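Quick notes on the structure that follows.
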Amino acid sequence: MEELFQQISAKYKTLPPSQRKVAEYFFHNLNQAILLNGTQIATQAKVSEATVIRFVNGLGFSGLSDFKRVVGQKILADYSTSTRLIESAKTLEGRSSLFSDILMGDIDKIRALGSQITEKKFNQAVEKLCSARELYILGLRSSHALAFYLAFDLRFFLDSVRLVELGVGDLPEQFRDIGPSDVLVVISFKRHTQETVRITEKIKKKGPFIIAITNSELSPTAQLSDMALIAETKIPAYFESYTAPMSLLNALITAIALREKDKAIPMLNRLEKEFELFDTFTK
């Protein structure tokens with residue numbers, strides 16, 4: 001199933017607008033789609049039935065029935081973590097160097113960043129982050145570690161960085177003042193949490209510029225964003241690897257630090273004195 005999603009994602013930018021609607025519908029509703037006929041799918045995607053057929057033909061299927069048959073078989077192998085563990089065990093079993101295989105998987109994903117994010121797009125993201133009145137960073141479950149890391153480092157270089165915390169249920173207070181002059185960075189990877197999508201949908205109505213750091217142009221958060229930075233996470237294991245996303249974050253942090261160095265250096269010097277006062281680090 002992962003191969004099909006990657007195929008749809010890779011073709012997305014080159015598709016005509018009507019077929020993009022089909023791609024988006026299948027990407028987010030595939031389990032439902034295989035239970036519908038062509039007319040019903042067309043109605044749900046708000047396109048013609050002929051457009052649906054052209055789209056599945058473009059994926060290499062002989063027709064909608066062929067598409068539904070193949071996809072139905074793949075859906076039986078659900079995307080649960082237990083199923084993925086079994087599949088990764090089959091994939092890796094008997095290999096001479098598990099260590100090298102995982103490293104190569106991570107290296108391939110880091111290399112892919114260069115083709116997925118242009119220098120121009122990267123610089124635009126840096127500009128948006130630096131010019132934000134307030135920078136909000138959201139990441140839940142496993143993505144929270146990435147969100148914390150980004151917020152922890154950017155606070156040294158930007159005036160106002162807010163890590164969104166679900167904690168005591170005070171989201172209305174945390175987002176009370178967010179508006180068009182602000183930026184929301186949403187970090188979310190498959191499997192995307194409903195809460196992340198729900199929060200992003202609500203905050204989008206308040207008008208901030210949204211940057212999604214995610215694994216596909218068709219992910220729910222990418223669809224809600226003004227700019228999507230794509231970092232793949234799939235390696236031959238039952239878990240997602242965040243090595244490529246972390247490399248992307250390091251690049252963003254470094255670029256911002258260099259851009260804001262005149263402001264950051266005096267602040268970091270003051271911070272060193274605080275470290276000494278609190279005896280923060282071992283000698």
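The values are calculated or read from the model by the stated rules, or taken from the named source; none is laboratory data. Being a predicted model, the structure only gives us computed values, none of them experimental. In this analysis, Cβ positions are derived from the backbone assuming ideal geometry, glycine residues included, and neighbour counts consider all displayed protein chains.
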Collect the residues in the range 27-44 that are within 23 Å of the chain's Cα centre (by Cα) and in contact (Cβ under 8 Å) with a residue 24 or more places away in the chain, keeping them in residue-number order. 27, 28, 30, 31
Answer yes or no: is there a residue in the range 36-57 that is at pLDDT 90 or above, assigned to a loop (DSSP other than H, G, I, E, B) and aliphatic (A, V, I, L, M). yes
How many residues of the range 131-146 are in contact with a strand residue (DSSP E or B) (Cβ under 6 Å, 6 or more places away or on another chain) and closer than 14 Å to residue 199 by Cα? The answer is 4
Suppose we filter the range 195-216 for residues that are in contact with a Lys or Arg (Cβ under 8 Å, 6 or more places away or on another chain) and surrounded by fewer than 21 Cβ atoms within 10 Å (Cβ to Cβ); how many remain? 1
Residues of the range 165-185 that turn out to be under 25 Å from residue 233 (Cα atoms) and at pLDDT 95 or above, as a count: 3
Out of curiosity, is residue 8 assigned to a helix (DSSP H, G or I) and either assigned by TED's automatic domain parsing to the domain that holds residue 228 or over 20 Å from the mean Cα position of the chain (by Cα) (or both)? no
Residue within the range 114-127 that is closer than 21 Å to residue 203 by Cβ and touching a residue at least 12 places away in the same chain (Cβ under 8 Å) present: yes
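Looking only at the range 216-249, how many residues end up being touching a helix residue (DSSP H, G or I) at 6+ places or on another chain (Cβ under 9 Å) and assigned to a helix (DSSP H, G or I)? Spell out the reasoning first.
Just the residues of the range 216-249 that are touching a helix residue (DSSP H, G or I) at 6+ places or on another chain (Cβ under 9 Å), to begin with: 216-221, 223-239, 241-249.
Retained after the next criterion (residues that are assigned to a helix (DSSP H, G or I)): 220-221, 223-224, 243-249.
Residues meeting the conditions: 11.
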Selection from the range 252-262 of residues at pLDDT 90 or above and surrounded by 15 or more Cβ atoms within 10 Å (Cβ to Cβ) yields 252, 253, 255, 256, 257, 259
When you check residue 20 against the structure, is it within 28 Å of residue 113 (Cβ to Cβ), of a type in the set (D, E, K, R) and touching a helix residue (DSSP H, G or I) at 6+ places or on another chain (Cβ under 9 Å), yes or no? yes
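Among the residues of the range 179-194, is any surrounded by fewer than 14 Cβ atoms within 10 Å (Cβ to Cβ), of a type in the set (S, T, N, Q) and free of Cβ contacts under 8 Å to residues at least 24 places away in the same chain?
Within the range 179-194, the subset surrounded by fewer than 14 Cβ atoms within 10 Å (Cβ to Cβ) is 179-181, 191, 194.
Next cut, of a type in the set (S, T, N, Q) only: 181, 194.
Pick out the ones that are also free of Cβ contacts under 8 Å to residues at least 24 places away in the same chain and you get 194.
Checked the range 179-194: at least one residue is surrounded by fewer than 14 Cβ atoms within 10 Å (Cβ to Cβ), of a type in the set (S, T, N, Q) and free of Cβ contacts under 8 Å to residues at least 24 places away in the same chain.
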Would you mind listing the strands (runs of 3 or more DSSP E) fully within the range 96-215 where at least 3 residues are assigned by TED's automatic domain parsing to the domain that holds residue 254 and farther than 30 Å from residue 265 by Cβ? 209-214
Total residues in the range 144-158, condition buried (at least 20 other Cβ atoms within 10 Å of the Cβ) and of a type in the set (Asp, Glu): 0
